[in-house]
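This report concerns only the one structure given below.
No lab work stands behind these numbers, since they all come straight from the coordinates. The structure displayed is predicted, hence computed values, not measured ones. Methodologically, a virtual Cβ is constructed for each residue, glycine included, from the backbone with ideal geometry; neighbour enumeration extends over all protein chains shown.
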Amino acid sequence: SFDEFLVDRRGGKRGDGFYDSHPEIEMEARAFAIEACGRKAASFTVQELAQYIDSRFYELYGLKKTGTGLI
């Protein structure tokens, strides 16, 4: 039951998520997704969003990307 699940303490938040630590990127990512979904072609993919978030992270914090993976 739901009450057993709550008592079990397996659910819920374990720690800060990415957007908890970087709220400014969350707002920009939402705006990016809304703009992309509004395009006439509407060919928006999750990969585009991930690449956008990755590039903004490095820009905002003045870091140099050393690998090819996403943050």
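Show me, for region 23-35, the HN-Hα J-couplings you get by feeding each phi into the Karplus relation (A = 6.51, B = -1.76, C = 1.60, θ = phi - 60°), rounded to Hz, glycine and proline as x.
In residue order, the calculated couplings are x, 5, 6, 4, 5, 5, 5, 5, 4, 4, 5, 5, 4 Hz.
Round to the nearest 0.05 the FRET efficiency obtained for Leu63 and Ala31 when R0 = 22 Å and r is the Cβ-Cβ distance. Before the final figure, lay out the partial values.
On the way: r = 22 Å, r/R0 = 1.00.
Plugging the Cβ-Cβ distance into 1/(1 + (r/R0)^6) gives 0.50.
Of Asp20, Asp54, how do they rank once you tally other Cβ atoms within 10 Å and put the fewest first? Display every interim value, and only then the final one.
Values: Asp20 10, Asp54 15.
So the ranking, lowest neighbour count to highest, is Asp20, Asp54.
Which semi-axes, in whole Å and largest first, does the equivalent ellipsoid of region 15-71 have when worked out from the alpha carbon gyration tensor as the square roots of 5 times its eigenvalues? Present the calculation step by step, with values, prior to reporting the outcome.
Details: eigenvalues 92, 41, 19 Å².
Values for region 15-71, descending: 21, 14, 10 Å.
All other residues with a Cβ under 14 Å from the Cβ of Phe44 taken together, and with Lys, Arg as +1 and Asp, Glu as -1, what is their net charge?
Working: positive: Arg30, Arg39, Lys40; negative: Glu35, Glu48.
Net charge around Phe44: +1.
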